[in-house]
Amino acid sequence: MSLWVDKHRPNSLQKLDYHKEQASHLKKLVNGGDFPHLLVYGPSGAGKKTRIMCLLRELYGSGVEKLRIEQNTFTTPSNKKLEISTISSNYHIEVNPSDVGNNDRVVIQELIKTVAQVNQLESASQKDFKVVILTEVDRLSKDAQHALRRTMEKYMATCRLILCCNSTSKVIPAIRSRCLGVRVAAPTIDEIAQILQNTCKKESLNLPVDLARKIAEKSNRNLRRALLMSEACRVQQYPFSPDQEVTEPDWELYLKETAGLIIQQQSPKRLLEVRARIYELLTHCIPPDVIIRGLLQELITNCDGQLKCEVVEAAAYYEHRLQLGQKAIYHLEAFIAKFMAIYKRFFEEGIADLF
Amino acid sequence: MTYDVLERNVGSVVLLVGLCEQVAKSLKMSRLLAVSIDELKDQIEQERQQKLLDEADRITAEIHRTLLHWLKLWDYVVFGKELNIKNKDKKKQNKDNKKKKYQPEVMDELDKYNRPVQKIALLNGPPGLGKTTLAHVLAEHAGYSTVEINASDDRSAEVFKNKLESATQMKAVLGDDPRPNCLIIDEIDGAPLRTDEPIGQKKKKQQGGLLLRPIICICNDQYVPALRQLRQCALIVNFPPTEPAKLAGRLYEVCSHSDEVDFEVIRFEQLKADMNTLLALCEKTDNDIRSCLNTLQFIQRKKKELSLKSIQMSNVGSKDSNKSLFSLWYDVFSMPRQKSVVHVITCRFHNIVRSAHASGDYEKIIQGLCLEKYVIPNIVWGSTLIYKNMNMASDWICFTDELYQYINHMQDYCLMPYIPYVVATFHLLYASNQRPKVQYPHAQYEALFGLIVFDKCSIIYNYTSPQTEMLPSTRKYLNEQCAVLEVLPPLMDIIQPTLRPKSRLTVVYKLRFPIADQLSELGKTWMRLLDFLIQLEKMRRTESASGTIVQKPEPSHKQKLTAKPITEEEKPIKDFFGRVIKKKTPEPKQKKVEKKNVLTTDIWFHFKEGYSNAVRRNIHLALLVQQDYNPRKAETLKMKF
């Protein structure tokens, strides 16, 4: 049994449900038999990897779907052993270098070299290059990105890189300029709703339009999330009812509650409670920038017009420092403290104006 | 050498004096080893010893008494003297009167070899209170010749063992010193960990070689791991830090008229000083007697007057001491007393920065600060001030964090000295007069630990681990972050359907992420739920059978067309005349409970109950409880009753 997300994933460019024009562009690109390095970017759940795989299939045929997981070991200059797992077929290899944290530079250098230095045996029937897919490029360290720069050009003959990331803002310009950028935008709510209904049809279920829309709206235009949510709904209750409750991810609810606590009361004691909750979230691997964004979104709905600007500014400031620092908790806390200060001051001024 | 130069470079001078001291000590040692080196004995050293002794006498009289008492207990073994039993009584009275505070009680009993039960005395206290001096003086006083091992000696296990044996079991024969030895192991906590073994062995050796001489150990920190075993069999004598007023008073005495003490070279009599200044001095040196005297000596050489300013300005005396984390946190959050010198804001600032610098473990310090800042400010300030402070503090912490990251990343350690300033900021923002309750910051560690645990047993771990069970095609589209944020929460709902309607209100919301254990646990919960449902169904059926509940009509899609059973209506049988013949329905045979005839079966047995006085007898519980119960006795007892 597999999840709907995996089961109904389109596997060729023709079968894609949205961004069809882009799909045809990609097809044309590949039909020439060659393509430049690609930088595929877009929000999570928009179908970046799906498109990459469709592209590869278009290029190499169905052989790319025979995947295997391999363990690769690399040794750093300081003699530390790094283990990283790669997913590969005969034609491509996919790796997420940020799995090894700070040592990603070594992985990139070694891996690409080994892949690129091997020529394909039968160049007549096969393409003479392999494809290396690097995921989460935006989480690569600067060193690794710099290391990537030269390798990309050097091994152009034998390998193509497809980089995959959420945002190009953390990719250095040198790399951006070496790649053809492909933006995969998130599907619109209508598209998601349509896809959900199609999927349900394939599962021979009957999904009401209202519910499909409701799920699509709650999914933040994230198709993966939408599909998972609808599957969860299916498990909860079938036949569907249009006003069925759609469960949100628990961490989001938790975050919302936390924001509620902050709004409710501003005091050092409350800050201490909130701190414990933030720790809880961090312990469950929720990334700090997601936390700060989620908090901001919730907090800002409770703010007056003038305040909004100030709060967002503070959030941006602390989010930036968060990226520069080590311990997320300090920065999150600082933001919350700042918000409390702003909020409290606003209220006190409001009361003063009354008298 | 002029003293101007000296003062400019006081640090090295202090070092020099320390060196002198060490030299003098080792020289003294060699004297004890019966080599006559009286000429070499440094007079300054002697004088200092004398002074210190003086201090020790006055200030630490209690400790003095305790230790001497313990030493005297050895008299029986070493000198063969009878113990003074009166002493014991007096001691008891003493104890009753005072209800002593810190000092341990000397156990007066002797063991089977007539040694005191506590075989070793462990003197413990901050530096410069005269521990070494006290030990020497007392040992001499009690009639021992002292053998000292300190950090300047080689203290490898082998040497240590030899020395221990020679000191405790032998006696100087050659010299004119017939007194038995008393071993003083100085600076025992500084001993390298390997000497842990010999110290541990000491106990064993006591059984083998039998320790017959007193050993006095001296340390600054009694909780060093090397001393753990030793502590159990030792008399631990704590030197409490001296009260500054007391010490200052004493110093004042020394300064103003030192005639009564026999100083040969240096006299303090000309030095003019007032109590306040001396108090400041005490505070600065952390009540270290040695350091105080040293400082005084230097100042006296230069000028005739001791002013508050000269104390504050000079960097003499402030020690490079390492404060514990807790005391540092305490210092940060408490305001120094009004009277003390360090009340001035610049002084406070420098003090805090210095001690933060000295303690080194910045990360811990900052964590502690971070926790503390929420606990303190509550009533006193207006809310705006609270937030102003809080924001400032958190900004500072963020800045420090950033700095840290930069230092670690670039390995650029020249920025390191700027880190402790955050501590000073906290002090200036949050120091208050109420006593802070400092707690150890656990949260960070717990969070980290939790993260590791979570990492280890979750699906995410499965994702990253080499022995992944995930299909490559599944795994391909999943990364850690999206697994946590998007896939796992609904996945729990998908694989764990709700079997009964839960009321949203009562369900306590909790973060639940599928952890591997939980997944295997899932099966069990399922079973339980199913079981519950089955029970429910059963109950429903029995109820419906009894007719109280109308069975619900089947849902339409499940309804099947079934042929109506044609039942032949049983028409009453009539006879020819139309009369109803009453059919004799045979009465349903009542099931006869077959009484098995025992005798017909092949095997049978019969339990013969009987009553016999020969076997039965009344026994009271009390008798059973009696350990040596025996029936005969019981019988007799019963007879008696």
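The values are calculated or read from the model by the stated rules, or taken from the named source; none is laboratory data. Owing to the predicted nature of the structure, the values given are computational and were not obtained by experimental measurement. In this analysis, Cβ positions are derived from the backbone assuming ideal geometry, glycine residues included, and neighbour counts consider all displayed protein chains. Surface accessibility is based on the protein's heavy atoms, side chains included, excluding ligands, DNA and RNA. Shrake-Rupley method; radii C 1.70, N 1.55, O 1.52, S 1.80 Å.
Taking segment A:198-304 as the region of interest, the helices (runs of 4 or more DSSP H) fully inside it that hold 1 or more residues being farther than 21 Å from A:Ala334 by Cβ are A:209-218, A:223-236, A:250-264, A:288-301.
For segment B:114-122, state whether one or more residues are loosely packed, with under 15 Cβ neighbours inside 10 Å, among the aliphatic types (A, V, I, L, M), modelled with pLDDT of 70 or more and not in a helix (DSSP H, G or I). Yes, segment B:114-122 has at least one match. Within segment A:303-347, the set of residues being open to solvent by 70 Å² or more (accessible area, probe 1.4 Å), within 12 Å of chain B (Cβ to nearest Cβ) and over 24 Å from B:Tyr404 (Cβ atoms) comprises A:Arg345, A:Phe347. Each residue in segment A:255-291 was checked for being at the interface with chain B (Cβ under 9 Å from one of its Cβ atoms), more than 17 Å from B:Phe449 (Cα to Cα) and open to solvent by 30 Å² or more (accessible area, probe 1.4 Å), and 3 of them qualify. For the condition outside the structural domain of A:Ile329 (by TED's automatic domain parsing) and on the phi > 0 side of the Ramachandran plot, A:Arg221 qualifies. Is there a residue in segment A:92-103 that is in a loop (DSSP other than H, G, I, E, B), modelled with pLDDT of 85 or more and surrounded by 20 or more Cβ atoms within 10 Å (Cβ to Cβ)? There is at least one residue in segment A:92-103 that is in a loop (DSSP other than H, G, I, E, B), modelled with pLDDT of 85 or more and surrounded by 20 or more Cβ atoms within 10 Å (Cβ to Cβ).
Would you be able to say whether some residue in segment A:136-146 is in contact with a strand residue (DSSP E or B) (Cβ under 9 Å, 6 or more places away or on another chain) and surrounded by 22 or more Cβ atoms within 10 Å (Cβ to Cβ)? Yes: segment A:136-146 contains one or more residues that are in contact with a strand residue (DSSP E or B) (Cβ under 9 Å, 6 or more places away or on another chain) and surrounded by 22 or more Cβ atoms within 10 Å (Cβ to Cβ). Which one is most open to solvent (accessible area, probe 1.4 Å) among residues in segment A:74-85 that are part of a strand (DSSP E or B) and more than 10 Å from every other protein chain (Cβ to nearest Cβ)? So, considering only residues that are part of a strand (DSSP E or B) and more than 10 Å from every other protein chain (Cβ to nearest Cβ), the one most open to solvent (accessible area, probe 1.4 Å) is A:Lys81. From the list A:Ser44, A:Ser24, the one residue that fits, being in a loop (DSSP other than H, G, I, E, B) and either closer than 30 Å to A:Tyr155 by Cβ or open to solvent by 50 Å² or more (accessible area, probe 1.4 Å) (or both), is A:Ser44.
Summed over segment B:446-479, residues that are at pLDDT 65 or above, more than 7 Å from chain A (Cβ to nearest Cβ) and open to solvent by less than 60 Å² (accessible area, probe 1.4 Å) total 2.
Can you give me the number of residues within segment B:389-441 that are closer than 17 Å to B:Leu328 by Cα, open to solvent by 40 Å² or more (accessible area, probe 1.4 Å) and out of contact with any strand residue (DSSP E or B) (no Cβ under 7 Å at 6 or more places or on another chain)? Residues meeting the conditions: 7. Taking residues in segment A:28-43 that are over 18 Å from A:Ala116 (Cα atoms), and partners anywhere that are open to solvent by 50 Å² or more (accessible area, probe 1.4 Å) and in a strand (DSSP E or B), the pairs with Cβ atoms closer than 9 Å and at least 6 places apart or on different chains are A:Leu29/A:Leu180; A:Leu39/A:Leu180; A:Val40/A:Arg183; A:Tyr41/A:Arg183; A:Gly42/A:Arg183. Considering each residue of segment A:147-172, count those that are in a helix (DSSP H, G or I), within 25 Å of A:Glu110 (Cβ to Cβ) and either polar (S, T, N, Q) or open to solvent by 30 Å² or more (accessible area, probe 1.4 Å) (or both), and give that number. Number of matching residues: 6.
Counting only residues that are within 12 Å of chain B (Cβ to nearest Cβ) and open to solvent by 10 Å² or more (accessible area, probe 1.4 Å), which one in segment A:178-221 is nearest to A:Cys159 (Cα to Cα)? Looking at residues that are within 12 Å of chain B (Cβ to nearest Cβ) and open to solvent by 10 Å² or more (accessible area, probe 1.4 Å), I get A:Asn220.
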